[in-house]
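Here the structure comes first, spelled out in structure tokens, and everything after it is commentary.
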């Protein structure tokens, strides 16, 4: 659950493990040095890297055979290597590959002794030319057929780097052998391409990409934390054969966004819409962008202590990400496991170094007061001193601030409201559990599935908006065949493809194009979309009282059972018709829900998404896949960005919008 006010501060101060000093930081080659207002601006001459022990230049790419030499598409390798002049003792490595790089080239470069010899010789020549401290292999990801060749590559590179001799980078450490590291997956999925025990004999560090673990395009129908500790810990378990002091925990300086089904149901995990399974339009705002949104547009930040992660909520937008407090929790957890330390993707996502300073501080962040969407320690200070800290992280003396959910101050009743009771295991996947569904508007069927049709809300309904009182739990008799899921044959959840870069594309997608573009962005594009200009702040009022979250609606009593004729006219069980809830759609296959699969193409009733009318002169080709065409998107609520992708974020509907529901006048064509 989201932690209440005072507990978070106390938790951060209890039993601190000695945090390891290893801090790695990736510098993507597309960082900007000449655009101070750019989204990816970094000033190498002034950036504060105090406490950073390793920097990685991402990425050098491999040429296709027969030579398999390296190339620097961004021409910034020398800039990153030059950072060592200001920070003696800091080690700089060349990272090869990346999330968007063609894995077939990796396979070809390592598939034979002759190919490996050319590749290894080329890598060693680059290391010697720029006097790098080592090499980071970011092969995402070797398949089972590459398993032995990956080990051979690491073995031969280790010999080549040793042959170059140690390097004395200053700082009093003396000559040190050159490093060989690898970026490896952080999810508990298929690891058949990695012989971890054999690689451990050759690699100095395993940079575990413990992010990218949740997104609506993975099929998640509830909000998720892409750096949540439950999944991170499951991913770390796969590295049991590797010495803990060779493991480096990955930290992501960005978030993954979801769209809530109902803005009033926002507590983690909240019901959310599922997006396209291609993961081509992810919402992955940087920490810098989220802080700008919080400052200019409002919203609230909550900490999920058990998951060592946070989330931002504004309206129906929900973003899981990390803040200084949760990064400290992760550093503590890594130290308790005996891990070497942490690495960060990436420096451009926190260009004013707020998070970096928190990671390198070596201790917990200072207590945060209440206000501006932060619950903090529940104490209002300054002009708001003596006021109530409301549930949504704003100070005031209104009923909204001092009533239900009050975190601190003169709360109604004289004491802080307790957090809501935790929910039991939810219904789903063939298990009734508590009988509650993630979406409170759905029913739990007698077979342990959630939905809104007769099969779920009619006879045998175990919980939710049943048409009659929920029936008692079944006796332990043999379980009949389960009723159908609300959508036809849902695809299994794909394994995410994390990357130290979510990829050199605009969003961390499993198979991005190798063309270099900034990351992360909500939709792939050949260059970064300009960040929306923050709205000017208004002068603070004497008693700021931003609009709090409305009190949760009282759950209605179960509706009376519909007549037989009404039931026959309802959508569900493969039949077309109306849905029980007016905001749901009846899909082409006759099931109710709120996802694109229900409300998009083929929708037969309810709140269907409608395609916009064709532009004058004929339909023409629609916007998408990097082509603006006639500027129309599939759904009328979407916008065509200046780079030819459809979506609903500011990067699509704001500056440069070419068509659809633009926030400003789109250019005439």
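We did not get these values from a lab; they are worked out from the coordinates using the rules stated. Everything numeric here is computed off the predicted structure, so don't read it as measured data. Cβ placement follows ideal geometry from the backbone for every residue including glycine, while neighbour counts extend to all protein chains displayed.
Using the number of other C-beta atoms within 10 angstrom as an exposure proxy, rank 41, 211, 268, 57 with the fewest first.
Ordered from fewest to most neighbouring Cβ atoms within 10 Å, 41, 211, 268, 57 come out as 41, 268, 57, 211.
Suppose we keep just the DSSP beta bridges with both residues in the stretch 35-113; what percent of those would be antiparallel, to 5?
25 percent
Order these by the 10 Å Cβ neighbour count, fewest first: 259, 452, 33.
By the 10 Å Cβ count, ascending, the order reads 33, 259, 452.
Looking only at Cα atoms, what is the convex hull volume of the stretch 306-359 per residue, in Å³?
That works out to 94 Å³ per residue.
Antiparallel as a % of all DSSP beta bridges within the stretch 188-310, to the nearest 5?
60 percent
Sort 328, 126 so the one with the fewest other Cβ atoms within 10 Å of its own Cβ comes first.
126, 328
Return the whole-Å distance between the Cα centroid of the stretch 135-154 and the Cα centroid of the stretch 282-337.
So the separation of the two Cα centres works out to 33 Å.
In nm², what is the average projected area of the convex hull enclosing the Cα atoms of the stretch 283-384?
Across all orientations, the stretch 283-384 yields a mean hull projection of 7.5 nm².
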